[in-house]
Amino acid sequence: MSIRHNQMLAFCLLLMMVLLSACGSAAGEEPPQKEPDIVHHSREPVNQPEETSMYENVDPREEQSLARQAKASTEELEQVKDAQAVSLDNHLYIVPEVTHGTRWNLEAFREEGREHLKDALPGDAIIHLSTDQKANMELKQLAEDIQNGTVSGKELDRRLESIEKFMKTDV
C-alpha cells in the first residue's frame, strides 16, 4: 500500500506541474505588433498634425474676470465656505466648497447655486457648477497655475476639458 500511495502522490504532483506550466504559457499573451511597412520619400518620421486650440493665443489671466465675479457672488451664499472658479471665454467652471450640513442635500444646493449665478452673471455665460471634491482640487491647482502665469491658453483649454469630466453636474 505504501508503494501504491507513493505512485498516486507522484502522479498527482506530475499532473499538477503539467497544469501549472500550461497556465503560465504564452497563450494568453498578445503577440507583438508589427509596424506596417510604409515607404516614405524622406527619412524624416511622419508626425500627425498637432491639434490646434482656438485659445492658443489667449492670456489666461485676462480671461478670469467672469471667474472673479462668479466666485464673489457664490461666496455670498451662506452655505459656501470657499469657491474655486476659472473661466475661459464665456464658459465658467466653478466648484463651491459647502458647509458640512449642506453636503446632505447637495442637489438642492446645486440648483440654488445655478439660479444664483444665472441672476448674477451675463446671460451668455455657460455655467459648469459642481460640488465634486476631485474637480475642486484640480480647479484650485489650475487657478494657482493661472495666477503664477505658468499656463498657456491652449493648456488652459486642455485642462478645463479634463476637469469637466470630474464635474458630475453642469448647466
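Annotations
- Computed E for Arg158/Glu78 - FRET, C-beta separation, R0 41 angstrom, nearest 0.05: 0.70
- ³J(HN,Hα) computed for each position of the range 62-78 - Karplus, 6.51 cos²θ - 1.76 cosθ + 1.60, integer Hz, glycine/proline x: 6, 7, 8, 5, 5, 5, 4, 5, 5, 4, 4, 5, 5, 5, 6, 5, 5
- Sparse-neighbour loop sites [GluC sites (Glu not before Pro); the range 50-147; at most 15 other C-beta within 10 Å; DSSP]: Glu50, Glu51, Glu56, Glu76, Glu78
- Annotation: for a label point projected 7 angstrom from Cα along Cα→Cβ of Glu62, residues of the range 111-154 with backbone N closer than 12 Å are 153.
- More than 16 angstrom apart: percent of Cα pairs within the range 70-171: 53 percent
- Pairs over the 21 Å Cα-Cα cut-off, from the set Lys71/Lys140; Lys71/Lys134; Lys71/Lys118: not a single one.
- For Val98, the amide hydrogen comes within under 5 Å of the amide hydrogens of Lys81, counting only partners 5 or more places away or on other chains and with H modelled in the peptide plane.
- Extension gain for Glu107 to Ala120 (0.36 nm times residue separation, less C-alpha to C-alpha distance): 2.7 nm.
Read-outs throughout are calculated quantities, based only on the coordinates presented, and are distinct from any laboratory measurement. Note that the structure is a prediction, hence the values are computed from the model and not measured. Virtual Cβ from ideal backbone geometry, glycine too; neighbours counted across all protein chains shown.
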